[in-house]
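Notes follow once the structure below has been shown.
The values are calculated or read from the model by the stated rules, or taken from the named source; none is laboratory data. These figures come from a predicted structure and were not determined experimentally. Glycine gets a Cβ as well: all are built from the backbone with ideal geometry, and neighbour counts include every protein chain shown. With ligands, DNA and RNA removed, areas are computed over all heavy atoms of the protein, side chains included. Shrake-Rupley method; radii C 1.70, N 1.55, O 1.52, S 1.80 Å.
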Amino acid sequence: MGDHRSTEILAAVHRGRGGSPVLEKLTLAAPGPEEVRVTVDACAICHSDLMFIDGGWAIDFPVVFGHEISGRVAEIGEAVTDLARGTTVVVSLIATCGQCHACQQGHDVACENPPASSSLTDANNRTVTKGLNTGGFAEQVVVHRSQVVAVPPEMPATSASLLGCGVLTGVGAARNTANIQPGETVAVVGCGGVGMGVIQGAQLAGASTIVAIDPQADKRSLALTMGATHTADPLNQDPAEAISQVTGGRLADHVLLATAAPAALNSALALLAPMGALTLVGMPADGVTLTIDPSALAGYNQRILGSKMGTARLNRDIPSLVADYFAGRLKLDQLVSSTYPLEDLEQALDEVRSGSALRTVIVFNQPEA
Ligand SMILES: [Zn+2]
Ligand SMILES: [Zn+2]
């Protein structure tokens, strides 16, 4: 299909750490045999984008960031047999080789040999990094087939984009990584976009008590509409006491940390009941460490779990999230707090930096590819 030529696209390029994005014409290499070219309809802004842009994590500049994408298939590589031009899709950063030990075990987020996508070059023929293997702050992307999942065309593009990272990560942390069971008590620390996914995942898993902990009053209120049964303001009350009050003196069976704030990390174990599990969902900056008391951890038979992308498997989890959305069990539309065109990316990034937004999404208005 198609003549497999490179494509000229408009993209927002970050040329250095802390810099502002500039719109440039770039050359997107034609899709390889196992790749797909996608016309981007929406790309949400993730805190991981800001971690790289603001220097919390290292990356080779120049970069096109953006990795939570919904769009339409524009072209498929020769070896792609199960997608067609025009199919509406979600694109994620999770790429799998399908061959390695992790892939064989179904541990997609731990693929040992994730396929890197084809190249992106600027007007001077310099390579531009595709941020997180995607590069979605651009009119089009070329990604590996494993990163793409079809979704129903009637889904709003902005809501669908959230399935590519934030909601996948939040719901997956609750259902896959923590494996929350019916009747359990769950504390969610941090009620941003990912935290709202964790809360919804805990509710979907049947948790009986869900305490949403966040210093912002508007986020605590919204958390109650997402499935939280109680809230706590960590600036004005001891969250451990707040949990204890609503459980008749017990602490949480699960604490899920959906923030990268170091202070929250170090106080999270104090919220955990014996036999409980602390799940680390948010990714702090390089160099942040956690101090634990190993004898207390062993003595209380507790666990600390890392959760990368909610231990997601795209082919299993995205269709399941779509079904939850259409059945009214998963709120996505309500998470989108604002939209911006690509020209206003800097303003949109500032909104996410400020912490006031829930989910900020870059939207495109492109004709059929
Ligand atoms: Zn992300
Ligand atoms: Zn693999």
Can you tell which of S295, S356, S20 shows the greatest fluctuation in a Gaussian network model of the chain with Cα springs below 10 Å?
S295
Given the DSSP H assignment, sum -39500 (n - 2.57) over each helix run of at least 4 residues in the chain and divide by its residue total; what's the result at 222 nm in deg cm²/dmol, nearest 500?
-6500 deg cm²/dmol
Residues of segment 289-315 with amide nitrogen under 15 Å from the 7 Å Cα-to-Cβ point of A270?
291-293
Calculated on alpha-carbon atoms, Rg and Dmax of segment 167-308 in Å:
13.4, 39
Whole-Å semi-axes of the ellipsoid equivalent to the chain (Cα gyration tensor, √5λ, descending):
36, 21, 19
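Return the tail of the calculated pair distribution for segment 230-369, meaning the percent of Cα-Cα pairs more than 27 Å apart.
Here the tail beyond 27 Å accounts for 41 percent of pairs.
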With all protein chains modelled, accessible area of H107 [1.4 Å, Å²]
100
Please enumerate, by chain and number, the aspartates and glutamates with C-alpha under 12 Å from the C-alpha of K25, excluding those fewer than 8 residues away in the same chain.
E8, D122, E139
Using alpha carbon centroids, what distance separates segment 158-202 and segment 250-307, in Å?
16
Give the ranking of H144, H4 by solvent-accessible surface, highest area first, calculated with a 1.4 Å probe.
H4, H144
